[in-house]
Amino acid sequence: MFHRFSAPARGPLIAGIVLSAVLLSPNADAQSIRTHDDLVEFFFDWRAFHAPPNTNGVPDYSPEAMHRRHAELARWQERLAAADTSGWTIAEQIDWYIVRAEMNGLDFAHRVKKPWSRDPAFWVWFYPNPTDVPEREGPQIWGAVELPDYGEPLTSDDAEEIARRLRRMPAVYEHARTVLTGNARDLWVTGVRSIQAQSEALDIFARRMESDFPDLSAAAREARTASDGLASWLAERSDEKTGTSGVGKDNYSWNLRHVHLLPYDWEDEVLLMQRELNRSHASLRLEEHRNRDLPGHAQIQTPDEYDRRLNEAVDEYMAFLEEEAILPIREYMDQALRERIGSFSPVEEGELRGFFSEITYRDPIVMRTHHYHWFDLARMRDEPHESPIRATPLLYNMFDGRAEGMATGMEEMMMHAGLLDEKPRARELIWVLLAQRAARGLGGLYQHGLEMSFDEATQYASKWTPWGLLPADGATIQWEEQFYLRQPAYGTSYVIGKLEIERLIAEYARQREGSFDLGAFMDAFNASGVIPVSLIHWEMTGDKSVLLDALGEE
């Protein structure tokens, strides 16, 4: 299994988090921030403060605790604002902006999102599968069990630790019943499903551990009982929930600018997303017209064919990257792609496997380009950034435009670079992917703009995804639209992030008077870390205007 970060990489942060938030509150005698080293020290103190207070590993999200934490945030912001950054390099100043944006993220969570009281999915305690970005997508409870953070096969010590953490779930969920008081109907209803899905995952895990680690299996079954209990409690109250779940246009725009550092408002993103939706559909139809006399897509039919074609796709893609001097090849890159190959999934005739599997089964090379995600994570693990701030996964998914935008952008960029010159039917898939991402992103926007309900958003995304590959009641879009409702800005990050990277390429190339070197660009881009693209733009071009536009500063 691929592991996002080794224990040592996460150790200093976890160790700091156990300290009391009250003890770590800044005071008048605190050391001022004059150097980048001071900022790094401040950053780890800030991260320790960011964690909620806890008792025996059970986090406290009570109104009193959350009020205290939000009130104390102002003092952290004041101390950061007072930092003397004169004489700092651009790279060092960028780290300062990262910390400020994280603090804005906590402020937004307290003022607007309040996931601990409005979003039952926040309370998922057990995650069995890895995520493809630096930190779990969406708001989540502190202390949740991330099974992929442990090695496979599990050691006895790991099994004991996981069992101990799972046995906290009954206490955690007793606390949840006192905190979950929100009236956001769509978040509540979909959150019930998330807790129910956790119960199913715990049952599978318990059966898998029964032979090798019977105590861990027992702990998982106890956790499932607690999970079932919370799911039932939530379901009994679903009919009482009548309120809206989106954050509203003004709040959404504030979050875009001050947390994700994007120079857009809600209305701007609607316009950009609609433009990309239109472009993807028009481009698809032109590709289909050009290919009208060619055979249709030959889908993978057997396990042997699956293994062969997926591995051939990795071979072909890696060779293309090397031969075209697009990326310097590292051993971890090939490994990262092969670890994501998976296995053949049979279906009855006429059934769909899920949107992204439908793409892969038509031509597996297409999604290899999107798996730039796994290059990013392997690079963070094996070649961590020299700045401890950038080497640490950013809070509030601030990385989404960079991580999702680059993965999405690589699809079209590699097509234009020649990867699919001999695969005309695969070119159609690029436009299908873009259409789906634009449609679902618009669905998320309209939810937050209070113009669509959750169900309407899933139907909209289904309607505007070509070839009927995204049924509104399917697991893919049901999960996606819930997630985009839970985490404002993420749903559009795939397309908006791609556009911001294209803006960066344009300025970077313009400064070189047409002597653009893709390999050099990619080296510099990757060296900046997985941080907001506006900050990378500043670092790579010396042009701070995109960031200042986002913040409304001069």
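The values are calculated or read from the model by the stated rules, or taken from the named source; none is laboratory data. What you are looking at is a predicted structure, and each value in this text was computed from that prediction instead of being measured. When we count neighbours, we look across all protein chains shown, and the Cβ atoms used for this are built from the backbone with ideal geometry, even at glycine.
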message: If I ask for residues that are surrounded by fewer than 14 Cβ atoms within 10 Å (Cβ to Cβ) and either assigned to a helix (DSSP H, G or I) or aliphatic (A, V, I, L, M) (or both), which ones from segment 317-334 would you list?
response: Ala319, Glu322, Glu323, Ala325, Ile329, Glu331
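Wholly within segment 210-292, which helices (runs of 4 or more DSSP H) include no fewer than the required count, namely at least 1 residues that are within 29 Å of Met398 (Cα to Cα), at pLDDT 95 or above and of a type in the set (D, E, K, R)?
On the way: elements: 214-237, 249-258, 266-290.
Fully inside segment 210-292 and qualifying: 249-258, 266-290.
Taking segment 352-399, which residues are among the β-branched types (Val, Ile, Thr) and in a loop (DSSP other than H, G, I, E, B)? Full working, then the answer.
Going through segment 352-399, the residues among the β-branched types (Val, Ile, Thr) turn out to be 359-360, 365-366, 369, 389, 392.
Thr392, the sole residue that qualifies.
Quick one: which residue in Ser387, Ser345, Ser357 is out of contact with any Phe, Trp or Tyr (no Cβ under 9 Å at 6 or more places or on another chain), among the polar types (S, T, N, Q), assigned by TED's automatic domain parsing to the domain that holds Met522 and under 21 Å from Ala475 (Cα atoms)?
Of the residues listed, the single one that is out of contact with any Phe, Trp or Tyr (no Cβ under 9 Å at 6 or more places or on another chain), among the polar types (S, T, N, Q), assigned by TED's automatic domain parsing to the domain that holds Met522 and under 21 Å from Ala475 (Cα atoms) is Ser357.
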query: Gly491: buried (at least 16 other Cβ atoms within 10 Å of the Cβ) and within 25 Å of Glu269 (Cβ to Cβ), yes or no?
result: yes
- prompt: Quick one: which of Pro328, Pro303 is touching an Asp or Glu at 6+ places or on another chain (Cβ under 9 Å) and not hydroxyl-bearing (Ser, Thr, Tyr)?
  reply: Pro328
message: Just to verify a result, which residue in segment 298-314, among those that are surrounded by 14 or more Cβ atoms within 10 Å (Cβ to Cβ) and under 31 Å from the mean Cα position of the chain (by Cα), is nearest to Tyr361 (Cα to Cα)?
response: Ile300
- prompt: When segment 420-453 is examined, which residues are found to be more than 19 Å from Ser493 (Cα to Cα), assigned to a helix (DSSP H, G or I) and not aliphatic (A, V, I, L, M)?
  reply: Pro424, Arg425, Arg427, Glu428
- request: Can you give me the number of residues within segment 49-92 that are assigned to a loop (DSSP other than H, G, I, E, B) and over 30 Å from Met540 (Cβ atoms)?
  value: 8
message: Consider segment 406-441. How many of its residues are touching an Asp or Glu at 6+ places or on another chain (Cβ under 6 Å) and more than 17 Å from Glu358 (Cβ to Cβ)?
response: 1
task: Tell me which residues, restricted to segment 367-419, are more than 15 Å from Ser493 (Cα to Cα) and either at pLDDT below 95 or of a type in the set (Gly, Ala, Ser) (or both).
output: Ala378, Ser387, Ala391, Ala417, Gly418
query: Out of all the residues in segment 103-143, which are among the hydrophobic types (A, V, I, L, M, F, W, C), assigned to a loop (DSSP other than H, G, I, E, B) and either touching a Leu at 6+ places or on another chain (Cβ under 7 Å) or more than 21 Å from Trp46 (Cβ to Cβ) (or both)?
result: Val124, Trp125, Val133
query: In segment 504-523, what count of residues is obtained for those that are over 18 Å from Tyr97 (Cβ atoms) and surrounded by 15 or more Cβ atoms within 10 Å (Cβ to Cβ)?
result: 7
message: So the check is Cβ under 8 Å with 6+ separation or different chains; which pairs have a first residue in segment 494-505 that's of a type in the set (Phe, Trp, Tyr) and a second one that's crowded, with 21+ Cβ neighbours inside 10 Å?
response: Tyr494/Glu404; Tyr494/Gly405; Tyr494/Ala407; Tyr494/Thr408; Tyr494/Arg437; Tyr494/Gly441
message: As an exercise: evaluate Tyr252 against (1) surrounded by 17 or more Cβ atoms within 10 Å (Cβ to Cβ); (2) over 22 Å from the mean Cα position of the chain (by Cα); (3) not small (Gly, Ala, Ser) and give the number of the one condition it does not meet.
response: (2)
message: Under 7 Å between Cβ atoms, which residue pairs at least 6 apart in sequence (or on different chains) link something in segment 170-199 that is assigned to a helix (DSSP H, G or I) with a partner that is surrounded by 17 or more Cβ atoms within 10 Å (Cβ to Cβ) and of a type in the set (Lys, Arg)?
response: Arg185/Lys241; Leu187/Arg118; Leu187/Arg486; Trp188/Lys241; Ser199/Arg224
query: Among the residues of segment 447-466, which ones are under 19 Å from Ala282 (Cα atoms) and surrounded by 15 or more Cβ atoms within 10 Å (Cβ to Cβ)?
result: Tyr460, Ala461, Ser462, Trp464, Thr465, Pro466
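May I ask you to list the residues in segment 519-543 that are outside any helix (DSSP H, G or I) and on the phi < 0 side of the Ramachandran plot? Reasoning before the result, please.
The initial filter retains those residues of segment 519-543 that are outside any helix (DSSP H, G or I), namely 528-532, 542-543.
Across segment 519-543, the qualifying residues are Ser528, Val530, Ile531, Pro532, Asp543.
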Matching option when the condition is assigned by TED's automatic domain parsing to the domain that holds Arg427, touching a His at 6+ places or on another chain (Cβ under 9 Å) and touching a residue at least 12 places away in the same chain (Cβ under 8 Å), among Ala313, Ala378, Ala336: Ala336
- prompt: Given the conditions (1) surrounded by fewer than 17 Cβ atoms within 10 Å (Cβ to Cβ); (2) over 30 Å from Trp431 (Cβ atoms); (3) not hydroxyl-bearing (Ser, Thr, Tyr), which single one is not true for Glu267?
  reply: (2)
- request: State whether the residues of segment 211-223 include one that is out of contact with any Cys (no Cβ under 9 Å at 6 or more places or on another chain), touching a residue at least 40 places away in the same chain (Cβ under 8 Å) and under 27 Å from Val247 (Cα atoms).
  value: no
task: Would you please list the contacts, defined by Cβ atoms under 6 Å and residues six or more apart or on different chains, that run from a residue in segment 76-87 that is more than 16 Å from His50 (Cβ to Cβ) and in the same structural domain as Gln31 (by TED's automatic domain parsing) to a residue that is at pLDDT 95 or above and surrounded by 11 or more Cβ atoms within 10 Å (Cβ to Cβ)?
output: Ala83/Ile33; Asp84/Arg34; Thr85/Gln93; Thr85/Trp96
field: Filter result (of a type in the set (D, E, K, R), crowded, with 17+ Cβ neighbours inside 10 Å and more than 25 Å from Ser453 (Cα to Cα)) within segment 168-202
entry: Arg168
